[in-house]
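Q: This is the structure I want to talk about, given as structure tokens.
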Amino acid sequence: MGKTAIAYYSKHQGNTKKVLDAIKEYDPEVELIDVTEKHEADLTKYDRIGLASGIYYTKFAEQLLNFAKVNLPTGKDVFFIATAGNPISMNFNSVASIATSKHCNEIGRFQCPGLDKFGPFKMFGGIQKGHPTEDDLKNAVEFYRNL
Ligand SMILES: Cc1cc2nc3c(=O)[nH]c(=O)nc-3n(C[C@H](O)[C@H](O)[C@H](O)COP(=O)(O)O)c2cc1C
């Protein structure tokens, strides 16, 4: 296994970061890059690049998508991680199309529910309460382990 970096955006509840922290605990070598702190990064030295985000208006966060457009080198092995109030497969479309445009090779995608207090859901204390759960985190590590 070569070097791995994961660029992420996790600002609503820190849900996606929780998933990445679990992965980092399993593999301390993984490099986590917060795209709100770092707008440019040399990713050529990594063998595998993860792109991770909460889902906003059915897409990966605009900042994460922009980061990928600017910094994702062509032809890399890539994987995607998302947390969402409504974890459906189309949530990956935005990020997958950028990876495709860069001729990258997708090696996997993982998504789990994340506490969502957006808009009207706030009134009920949010939906997907308690997520990501311990089981979600276990599944995320299992996904990463099998990449
Ligand atoms: C402004 C906003 C828009 C959102 N839009 C969606 C959406 O379109 N689909 C969805 O499944 N979840 C949506 N959510 C819920 C988030 O994807 C979910 O809470 C996610 O786990 C947040 O990740 P984070 O805490 O890592 O930022 C939205 C949340 C916010 C705050």
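Q: Using a simple spin-label model with points 7 Å from Cα along the Cα→Cβ vector, what separation in nm is obtained for residue 121 and residue 105?
A: 3.6 nm
Q: Could you derive backbone 3J(HN,Hα) for segment 31-36 from the dihedral phi with the Karplus parameters 6.51, -1.76 and 1.60 (θ = phi - 60°), listing whole Hz in sequence and x where the residue is Gly or Pro?
A: 9, 9, 10, 7, 6, 7
Q: Same structure again: Got a sec? How would 90, 123 order by Cβ neighbour count within 10 Å, fewest to most? List each step's numbers first, then the result.
A: On the way: 90 11, 123 8.
The order, fewest Cβ neighbours first, is 123, 90.
Q: Provide the percentage of antiparallel DSSP beta bridges, counting only those with both residues in segment 1-73; round to the nearest 5. The partial results should precede the final answer.
A: Numbers: 2 of 12 bridges.
In segment 1-73, DSSP labels about 15 percent of beta bridges as antiparallel.
Q: From the alpha carbon gyration tensor of the chain, can you work out the equivalent ellipsoid semi-axes (sqrt of 5 times each eigenvalue) and give them in Å, largest to smallest? The partial results should precede the final answer.
A: On the way: eigenvalues 116, 57, 34 Å².
Its equivalent ellipsoid spans semi-axes of 24, 17, 13 Å.
Q: Over segment 4-145, what is the percentage of antiparallel beta bridges among all DSSP beta bridges, to the nearest 5?
A: Values: 3 of 28 bridges.
Roughly 10 percent of the DSSP beta bridges within segment 4-145 come out antiparallel.
Q: Right, here's the next one. Counting helices only, and only those DSSP H runs with n ≥ 4, report the 222 nm mean residue ellipticity of the chain as the sum of -39,500 (n - 2.57) divided by its residues, in deg cm²/dmol to the nearest 500.
A: On the way: 4 runs with 43 residues, N = 147.
Taken over the chain, the calculation gives -9000 deg cm²/dmol.
Q: Once phi is turned into θ = phi - 60°, what whole-Hz ³J(HN,Hα) does the Karplus curve with 6.51, -1.76 and 1.60 give for every residue of segment 8-13, x standing for Gly and Pro?
A: 9, 10, 8, 10, 5, 10
Q: Order by neighbour count: 16, 4, fewest other Cβ atoms within 10 Å first, most last.
A: Details: 16 29, 4 20.
The fewest-first ordering by Cβ neighbours comes to 4, 16.
Q: Determine the principal axes of the Cα atoms in segment 26-66, then give the extent along each, sorted from largest to smallest and rounded to whole angstroms.
A: Reported extents, whole Å, longest axis first: 32, 25, 17.
Q: Follow-up. Please order 8, 46, 26, 57 by the number of other Cβ within 10 Å, starting at the fewest. Don't skip to the answer; put the middle values down first.
A: On the way: 8 25, 46 20, 26 14, 57 8.
Ordered by Cβ neighbours within 10 Å, fewest first: 57, 26, 46, 8.
Q: Restricting attention to the alpha-carbon atoms of segment 83-147, what are Rg (one decimal) and Dmax (integer), both in Å?
A: Both quantities, over Cα of segment 83-147: 14.3, 43 Å.
Q: If exposed means no more than 13 neighbouring beta carbons inside 10 Å and the site is in a DSSP loop, what's the longest run of the chain without any exposed GluC sites (Glu not before Pro)? Show your work: numbers first, answer last.
A: Values: sites that count: 29, 37, 40.
With GluC sites (Glu not before Pro) excluded where exposed in loops, the chain gives 41-147 as its longest stretch.
Q: Of 16, 32, 137, which is farthest along the charge dipole of the chain in the positive direction, counting Lys and Arg as +1 and Asp and Glu as -1 at C-beta?
A: Toward the positive end, the furthest listed residue is 16.
Q: Under a Cβ-only charge scheme (Lys and Arg +1, Asp and Glu -1), can you give me the dipole magnitude of the chain about the Cα centre, in debye to the nearest 20? Kindly include the intermediate steps, with their values, before the conclusion.
A: Working: 18 positive and 18 negative charges, 75 e Å.
The dipole of the chain has a size of about 360 debye.
Taken together, the values in this text are just the output of simple stated rules run on the coordinates, not laboratory data. The structure presented is a predicted model; accordingly, all values stated were derived computationally and were not measured. Cβ sites come from the backbone with ideal geometry, for glycine too, and all protein chains shown count toward neighbours.
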